[in-house]
């Protein structure tokens with residue numbers, strides 16, 4: 001059985017690499033030896049993309065990077081696949097490439113929206129911290145009194161205590 005992971009955004013050291021991981025025998029208690037073919041039934045392959053920039057950016061890595069690219073549009077992808085990989089664009093293949101373009105666009109939109117959500121949450125947290133500090137300083141309230149005034153839920157209070165250095 002093969003499990004293949006395609007990592008479109010690996011850390012720098014893993015960019016443009018293909019790594020295989022296999023099962024090996026390790027006696028934890030006792031001493032028994034089975035033939036490798038009895039247990040080495042699983043292989044994991046990590047395909048880590050990374051874009052142009054080194055000598056490994058070719059073949060399968062470049063093709064997958066092209067298909068999953070968030071910056072290339074369909075005509076660009078089609079041209080690269082035809083010219084560099086000699087892939088003829090049948091109707092079925094064109095439909096698959098369009099699907100991959102949609103997948104790439106979906107990933108981009110999801111990451112963009114996630115970034116917006118994180119930005120909003122961080123902005124709200126900074127505002128709330130500022131409000132807590134202002135209440136504590138201006139009205140000489142304890143952190144608990146300030147959190148009560150702002151109706152901060154109990155489950156969020158430890159986070160704000162820590163951020164204000166009041167653990």
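Values quoted throughout were computed directly from the atomic coordinates according to the rules given, and no laboratory measurement underlies them. Fair warning: this is a prediction, and the values are worked out from it, not measured in the lab. All Cβ positions, even for glycine, are placed from backbone atoms using ideal geometry, and neighbour counts span all protein chains on display.
Compared with the dominant principal axis of the Cα atoms in the chain, helix 91-138 is inclined by about 20°. Could you state the angle between the C-alpha long axis of helix 74-85 and the longest principal axis of the C-alpha atoms of the chain, as a value from 0 to 90 degrees rounded to the nearest 10? Tilt of helix 74-85: around 40 degrees.
Take the Cα pairs of the chain, get the Kirkwood Rh, then feed it into Stokes-Einstein at 37 °C and 0.692 mPa s and tell me D in µm²/s. Rounded to a whole number, D works out at 154 µm²/s.
Length gained on full extension, residue 82 to residue 5, computed as 0.36 nm times the residue gap minus the Cα-Cα distance: 25.2 nm.
With everything on Cα atoms, drop me the angle between helix 59-68 and the longest principal axis of the chain, reported from 0 to 90° to the nearest 10. That helix lies at roughly 50 degrees to the long axis.
For the peptides 126-132, 137-143, 44-50, 32-38, residues were scored by their other Cβ atoms within 10 Å and the scores averaged per peptide; the highest-first order is 44-50, 126-132, 137-143, 32-38.
Distance between the 7 Å Cα→Cβ label points at residue 54 and residue 117: 3.2 nm.
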